[in-house]
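Visitor: There's a structure below that I have some questions on.
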Amino acid sequence: MRTPARLQHFVSVRLRYFFAMAIAVLLLVGMSVPARALTPFTCDSTLYMRVGNGSTINFGYLVFEGGTYTMNVVRTTSGINFTDIAYNPLDNYIYALDTDTKELYRFGVGFEYVNLGRVSGVALDNWTGAQSFAPDGFLYITNGGRRTNPPNLGIHSLYKVNISNLTATEIPLSSRAKSASELAWYNGRFYLADPDNEIGTYTITTTGQVQTIGPNDLRLMPLAGWGGTNGVWFFQLGRRLGYGLVIFSIDVNTGAPTMVVAGNFEVGDNWGSANCILAPLPDVKTGARIRFAKTTVPGGVNQNFAVSGTNGLSQVTINSTTGLSDYQELTDVKVDTTFTEQGVAGWRGQRLVCVAETSNGGVVRGSTVYSNLTPGTAGASYTSVAPANTFVAGNDYTCTFTNDRTRINFAKVTRPANANQSFTVTGTNGIGQVMINAAGQRATHEMAMPRQRGTAASVMVVAAATFATG
């Protein structure tokens, strides 16, 4: 039996209304209805950040260049209180717990996210702070107790969250631990630091065992932390050292900090950090790389020259044929660098020019960053000092020494009528013996030490015949 047209229209309208209301209810209760599936991140050395300013949160990653760093903001959100983020090495998604609702969110590339739902076993009125995954695929979150207590009273326990079924198990700690804004995983445990230095730098295992490994020498508040296969980094305020926000590496046995890189960073109300713990922390270039080159004038003579430098540069031997040395890294671009070429008899160190091979941190590739054209003394060592900040960290440079000799032409004039008589002439200071005559070509020789005059002591001419007068 055919359905009347008016009835078909009525049913169609009702069905559309029903589905529209169902989707609206799902959105209101916070369930995910993503327009597309999330794309996982790639497990590499990228360091991810979230920085909160009031109700606005920026998500992105750090970019290291020119001896400093910046944050590349990928997405800005508002309305959700993400206190931290954590990278799951098993599925390559980033996760974050909403501190207010205790709902868990999953992030993909571009920091698009979906709400996975409420995590059971975590009290709504508890302080939940630092978050990190362990290699077991569980999310660990610090628990500071009820919000009626100030969070600086310490961490009471860890929440171990199963992200598959959104359930949490509370793990008591073996001893008191200070409130932490970071959990950095390395070699079987989480690393934290106490800004008041009452506990110092310490670790917590996934079973809640707390162990102090050393003092927090800088007594600075770690704002974020990353752990990789090659160590642990903390992100801290560094004003006591004359910097803005500084990344320190932490000695995993003693807790001693070493500055990795400093920079000026957007200051936020709170911070979060994440990285793939199965990858190494990035190789940050805080110094400049220098290589030596050699030219000789005239003719590219194959003569060995020993050149060296201070500020971490060792001595190498190069010549006009081999051309370039290997790259070496400066210890500190913020101090002077002295370059020295050992003297070679018969040669003069004429000049030193350093040219940029890369273009990081505002450097123009191919530009001359240092030039000293002051002649040196013949046969003596040649020294040239490049001032502090001549080189920019994170860049490569080629510094070329140029040495020269002076060329001497012998000519002969005979009278009368330019009689074609051979004459033998010779000289000291690198000038060999030649035979010329009035009809022949000029003989060219190089004078080894151009700053010496061609006097009787330095250039001696011997004639094999008697000069005739016209």
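Visitor: Using 7 Å Cα-to-Cβ label points, what is the E357/Y327 separation (nm, one decimal)?
Guide: Using points 7 Å along Cα→Cβ, the separation is 0.6 nm.
Visitor: Once you keep just the Cα pairs under 8 angstrom separated by 6 or more residues, what percentage relative contact order results for the stretch 289-404? Could the numbers behind the result be given before it?
Guide: Values: 298 pairs, mean separation 39.0, N = 116.
Reported relative contact order: 34 percent.
Visitor: Moving on to the next point. Taking 0.36 nm per residue of separation and subtracting the Cα-Cα distance, what length does fully extending T338 through A411 add? Numbers along the way, then the final one.
Guide: Numbers: separation 73, 0.36 × 73 = 26.28 nm, distance 4.38 nm.
Result: 21.9 nm gained on full extension.
Visitor: Between Q211 and T42, take the C-beta separation as r, use R0 = 35 Å, and let me know the FRET efficiency to the nearest 0.05.
Guide: E(calc), rounded to 0.05, equals 0.60.
Visitor: Could I have the simple spin-label model distance between T254 and S55, label points 7 Å from Cα toward Cβ, reported in nm to one decimal?
Guide: According to this spin-label approximation, the distance is 4.9 nm.
Visitor: Could you compute how fast the stretch 289-404 diffuses translationally, taking Rh as the Kirkwood radius over C-alpha pairs and applying Stokes-Einstein at 37 °C with viscosity 0.692 mPa s? Give it in µm² per second.
Guide: 233
Visitor: Using a 7 Å offset from the Cα along the Cα-to-Cβ direction at both N418 and A306, what is the distance between the two label points in nm, to one decimal?
Guide: Here the modelled spin labels are 5.0 nm apart.
Visitor: Output the peptides 125-134, 89-98 sorted from most to least packed, where packing is the average of other Cβ atoms within 10 Å over each peptide's residues.
Guide: Order by mean packing, descending: 125-134, 89-98.
Visitor: Output wanted: per-residue J couplings in Hz (rounded whole) for the stretch 245-250, from phi through Karplus 6.51 cos²θ - 1.76 cosθ + 1.60, θ = phi - 60°, x for Gly and Pro.
Guide: 9, 10, 9, 10, 8, 10
Quick note: the coordinates plus some simple rules give every number you see, no bench work behind them. Note that this is a predicted model, so its numbers are computed, not measured. We place every Cβ from the backbone using ideal geometry, glycine too, and count neighbours over all the protein chains shown.
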